[in-house]
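A quick write-up on the structure given underneath.
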There are 2 protein chains.
Amino acid sequence: MKVNVPDINLPRVVVIGGGFGGINLAQSLKDQPVQVVMFDKNNYHTFQPLLYQVATGGLEPDSIAFPLRKLFKRYENFHFRMAEVQRIDPEIRTVFTSIGSITYDYLVIATGSRTNFFGNAQIERHCLGMKDIPEALDLRSLILQNFEAALLTPDLEKREALMNFVVVGAGPTGVETAGALGELKNHILPADYPELDIRRMHIHLIEAGPAVLASMSEEASKNAAQALKKLDVNLWLDTKVESFDGETVTTSTGKILPSSTVIWSAGIIGNGIEGVLHAAGRGGRLRVNEYNQVEGYTNVFAIGDVCLMLTDENYPQGHPQVAPAAIQQARLLSRNILSMIFGRPQKPFKYFDKGSMATIGRNKAVVDVKNIRLSGSIAWLAWMLVHLMYLAGFRNKLVVFINWFWSYLTYDKGTRLIIRPFKRKAVETKKPEAELVS
Amino acid sequence: MKVNVPDINLPRVVVIGGGFGGINLAQSLKDQPVQVVMFDKNNYHTFQPLLYQVATGGLEPDSIAFPLRKLFKRYENFHFRMAEVQRIDPEIRTVFTSIGSITYDYLVIATGSRTNFFGNAQIERHCLGMKDIPEALDLRSLILQNFEAALLTPDLEKREALMNFVVVGAGPTGVETAGALGELKNHILPADYPELDIRRMHIHLIEAGPAVLASMSEEASKNAAQALKKLDVNLWLDTKVESFDGETVTTSTGKILPSSTVIWSAGIIGNGIEGVLHAAGRGGRLRVNEYNQVEGYTNVFAIGDVCLMLTDENYPQGHPQVAPAAIQQARLLSRNILSMIFGRPQKPFKYFDKGSMATIGRNKAVVDVKNIRLSGSIAWLAWMLVHLMYLAGFRNKLVVFINWFWSYLTYDKGTRLIIRPFKRKAVETKKPEAELVS
């Protein structure tokens, strides 16, 4: 079956993924002489940097998601199809999806990344990721379900495990999540659960490296660590999680933490697609040249988290997997595709680092912009401003702003709802892996 | 196992249900010499009158739900437990729940109502109800999934079925839902799906009786019918749905409507509980006397949708199953319970009808208050004001107001997201019922 899009006499650009890369590419191709066909398994764009606030009851999921059709309404020659892409065959310039196949003249792979459990099946089974809205909602439900359950159990050890939260990986997501849990502990849960001794709630942030926010400046890292400690977050640096069986975390330093909830933000892996996996390099990312062309092809491109470009002299290990890199690549690529069509030379990509930032609870953030280092309230305001700027849609900006303002005034987080209770994956009978295979 | 709440020397009032009745009762007992224990299967109160706006993409679910713990924070002697109540044994004054049993001195059943499919298993299997947030979200997902699917199918009949929506029952919920679907058809879907001929979308409102909004004045009914027609809603009065197999609706007048989506708002049934079902009367409602005492008991009460009081001379068939009746009963009952404790006489309940209202799309509503009949913009403003007043929490009021204001200005509805795709119940092999039983 073929995907039914109009057959017109213009080069067809197929875009896989409606993340930052995909939407910026399609937006930059508005009113250009190409047909753009976008696939995404969801009908919305997700603002991933704020997923942790959905998970911790600070924002509604609808505030950080934006319908793709709405984003592209009144775009001529743009077609959206909600579908999963299964594989690509570059030899016949064809993408195979759950709703049929489609040929392309230019293909842009903007599939982003997923949680990397580094092949540890036990950890994958028991930990929660936080890469999409259903996962964030699952985590929100689970946090609240745990406290409801803690209230019921007379077993003190079990209660402690229910009230302990372990966050693995102290990059921006891990730091921000741990900070938000700290806010819950300090300002929300004591009033919601007067019958529980919330002081017994422990938040652990475990990091394999020697510092939090390793990608930022030493100053930012130090400030963040300090802010986390003020929020009662226990920091375990130079520590790896070795196992988690759903009840107990064991670490490389011999520490044993009883906990029902482990949030895994220790790494991501590129969402490669069958058909171009010959180009998959470190972290599952697809190797591209300076024009974002996937190894071996001139009309297949990868941008954003899923690509690995080693030609940018300032980034010999590849670019950071952050929204600005995806956006900048998308914008240049849209021009390069038009250049190819018109026979003009393409321009190589150079990443312009606008800086990086992370927030650690109320009124605290760290910002690195070139040689400027901000922290405290000013950094927090800057963090809010930048995030509102990048958030799609005026209505969303407004609702998120009101939520933040409201939280700031009242120390409250509005949406502590268990709409769909989280059900743990069925626990298999514990047989050794070898037996399971045979 | 016993539900662990503090054992104090005060009469214990157990409240089942955190709807309008339950929360108003508990609020009225604030700082009174009783212990209040509330059970609800959800950790939030649902503002049911606006569920249809969640289903049609106008509001976030989080805006019309309010965490029960937040509602009752800083209440002394109030205890919430998220649990399902299984049965009651009035002889031993005990409630049995999914988390254990608990004894009571006074028991208030405020369990509300659920969708009444009138025993038609086929209709129950294929139709969607709209009585809680997960159901409203399912409907939202399904509406959008249908349009995504309509885009893909080359089969014209199937496409038509996917674009047809049948609403059964023209009470306030049915009328408001049909109106909101009309708004989607007129203002949203043509821009979202430029490739579909949205004129082929049909909305059918089927009503067994001779008029829409039968509980309101003739004038309101006429105005509503007119407004619905302007919104392209096909009205089928004096018509019953006889069957729906998931693809085709057949009616008592011989009309056959192809449709994938039938929304059932044709009736509700009281949520009785095992142990007091001897008192169940018409519509599954528990018969109570003028003090809301369930037949046969002096310390077991039922309020709101679930109760049937036949002693109020103006309401010989029982009170309307609406929020104001539940709220008024709750407030009087809280005083009556205290009167019983202090040996004072109880007061009989009389319903004070503040009027009724319904909205039919943008800028249109009908309001009956005593002998005043409003319609058009003024009625619509009144409708908004009253709903904002009853909505719990300032943050929710503000966010809902902004959403409405925004929709009004832009003709847009913000949240057209398929967060959790709706999966139809597995279709059983079609055997005659008799065979299934044997």
Subset of segment A:207-229 (residues that are surrounded by fewer than 19 Cβ atoms within 10 Å (Cβ to Cβ) and touching a residue at least 40 places away in the same chain (Cβ under 8 Å)): A:Ala208, A:Ala211, A:Ala214, A:Ser215, A:Ser217, A:Glu219
Among the residues of segment A:273-288, how many are closer than 23 Å to A:Thr173 by Cβ and crowded, with 20+ Cβ neighbours inside 10 Å? 2
Within the bounds of segment A:346-358, is there any residue that is over 18 Å from A:Val108 (Cα atoms) and surrounded by 21 or more Cβ atoms within 10 Å (Cβ to Cβ)? yes
Pairs, please: C-beta under 8 Å, at least 6 apart or cross-chain, first residue within 14 Å of chain A (Cβ to nearest Cβ) and in segment B:151-178, second of a type in the set (Lys, Arg) and part of a strand (DSSP E or B)? B:Leu151/A:Arg81; B:Leu152/A:Arg81
Those residues of segment B:101-134 which are more than 14 Å from chain A (Cβ to nearest Cβ) and in a strand (DSSP E or B) amount to B:Thr103, B:Tyr106, B:Leu107, B:Val108, B:Ile109, B:Ser113, B:Arg114, B:Thr115, B:Leu128
Search segment A:62-75 for residues being in a helix (DSSP H, G or I) and either in contact with a strand residue (DSSP E or B) (Cβ under 8 Å, 6 or more places away or on another chain) or modelled with pLDDT under 90 (or both), and hand back the single one that is surrounded by the most Cβ atoms within 10 Å (Cβ to Cβ). A:Leu68
Can you find, within segment A:391-400, the residue that is surrounded by the fewest Cβ atoms within 10 Å (Cβ to Cβ) among those that are free of Cβ contacts under 8 Å to residues at least 24 places away in the same chain and at the interface with chain B (Cβ under 10 Å from one of its Cβ atoms)? A:Phe394
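Please tell me if B:Ile337 is touching a residue at least 60 places away in the same chain (Cβ under 8 Å) and assigned to a helix (DSSP H, G or I). Working first, answer last.
Working: touching a residue at least 60 places away in the same chain (Cβ under 8 Å): yes; assigned to a helix (DSSP H, G or I): yes.
Spelling it out, B:Ile337 is indeed touching a residue at least 60 places away in the same chain (Cβ under 8 Å) and assigned to a helix (DSSP H, G or I).
Can you tell me which residue among A:Gly174, A:Gly112, A:Gly209, A:Gly119 is at pLDDT below 95, within 30 Å of A:Met309 (Cα to Cα) and out of contact with any His (no Cβ under 9 Å at 6 or more places or on another chain)? Let's see the steps before the verdict.
Values: A:Gly174 fails: at pLDDT below 95; A:Gly112 fails: at pLDDT below 95; A:Gly209 fails: at pLDDT below 95.
Result of the check over A:Gly174, A:Gly112, A:Gly209, A:Gly119: A:Gly119.
Quickly run through segment A:1-26 and pick out the residues that are aliphatic (A, V, I, L, M), in a loop (DSSP other than H, G, I, E, B) and at pLDDT 95 or above.
To start, the set of residues in segment A:1-26 that are aliphatic (A, V, I, L, M) comprises A:1, A:3, A:5, A:8, A:10, A:13-16, A:23, A:25-26.
From what's left, in a loop (DSSP other than H, G, I, E, B): A:1, A:3, A:5, A:8, A:10.
Hit for segment A:1-26 is A:Leu10, nothing else.
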How many residues are part of a strand (DSSP E or B) and free of Cβ contacts under 8 Å to residues at least 24 places away in the same chain if we restrict to segment B:296-312? 0
Out of all the residues in segment A:27-61, which are assigned to a helix (DSSP H, G or I) and within 11 Å of chain B (Cβ to nearest Cβ)? A:Val54, A:Pro61
Just wondering, is there one or more residues in segment A:236-258 that are surrounded by fewer than 21 Cβ atoms within 10 Å (Cβ to Cβ), at pLDDT 95 or above and under 30 Å from A:Leu107 (Cα atoms)? no
Restricting attention to segment B:295-325, which residues are under 16 Å from B:Gly17 (Cα atoms) and of a type in the set (Val, Ile, Thr)? B:Val300, B:Ile303, B:Val306, B:Val322
Given the conditions (1) surrounded by 14 or more Cβ atoms within 10 Å (Cβ to Cβ); (2) under 23 Å from A:Leu277 (Cβ atoms); (3) assigned by TED's automatic domain parsing to the domain that holds A:Gly21, and given that A:Thr298 satisfies all but one, which numbered condition is not satisfied? (1)
Quick one: B:Ala161 ticks every box in (1) closer than 28 Å to A:Pro61 by Cα; (2) modelled with pLDDT of 95 or more except a single one, so which number is it? (1)
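The values are calculated or read from the model by the stated rules, or taken from the named source; none is laboratory data. All values derive from a computational prediction rather than experimental measurement. Ideal geometry is used to build each Cβ from the backbone, glycine not excepted, and the neighbour counts take in all protein chains shown.
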